[in-house]
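S.K.: Quick one: this structure, given as C-alpha cells, is what I'll be asking you about.
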Amino acid sequence: MDTLKLEVVPESVQETNGYLHGICGTWAGKPVPFMCQPQTMDIMIPESLEPIYPAIEEAVVRYLRETGRMR
C-alpha cells in the first residue's frame, strides 16, 4: 500500500483571526481542507477526513516550517 503524501497548496492558504485555512491537495477526488492555529498547532479537519489525519498533519507542519510560521 502506498503512503499518502499531501502538500499544502500555497495559493489556497488564507489567514483569518490568527487561523490559517487552506487545501492540502486532494483525496478520493475531493479537496482536503484544513484549518490550523499556528501558535498552538491545533489542526482541524472535517470528521470524514479523520482516516488521513496523519498525512494532513505532516503536510501542514511541513508547510509551517517552510514558511517560517511554526513557533
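The values are calculated or read from the model by the stated rules, or taken from the named source; none is laboratory data. As the structure is a prediction and not an experimental result, all values here were calculated from the model. Here the Cβ positions follow ideal geometry from the backbone for every residue, glycine too, while neighbour counts run over all protein chains shown.
S.K.: If you go through region 1-14, how many residues are at pLDDT below 95 and acidic (Asp, Glu)? Walk me through it before giving the result.
M.R.: Here is the first cut: in region 1-14, the ones at pLDDT below 95 are 1-5.
With the extra rule that they be acidic (Asp, Glu), the set shrinks to 2.
Residues in region 1-14 being at pLDDT below 95 and acidic (Asp, Glu): 1 in total.
S.K.: Which number in (1) in contact with a Pro (Cβ under 7 Å, 6 or more places away or on another chain); (2) modelled with pLDDT of 95 or more marks the one condition that Pro31 misses?
M.R.: (1) is the only condition that Pro31 fails.
S.K.: So which residues in region 1-30 are charged (D, E, K, R) and in a loop (DSSP other than H, G, I, E, B)?
M.R.: Asp2, Lys5, Glu7, listed by residue number.
S.K.: Would you call Glu57 closer than 21 Å to Arg69 by Cα and surrounded by 15 or more Cβ atoms within 10 Å (Cβ to Cβ)? Reasoning before the result, please.
M.R.: On the way: closer than 21 Å to Arg69 by Cα: yes; surrounded by 15 or more Cβ atoms within 10 Å (Cβ to Cβ): yes.
In short, yes.
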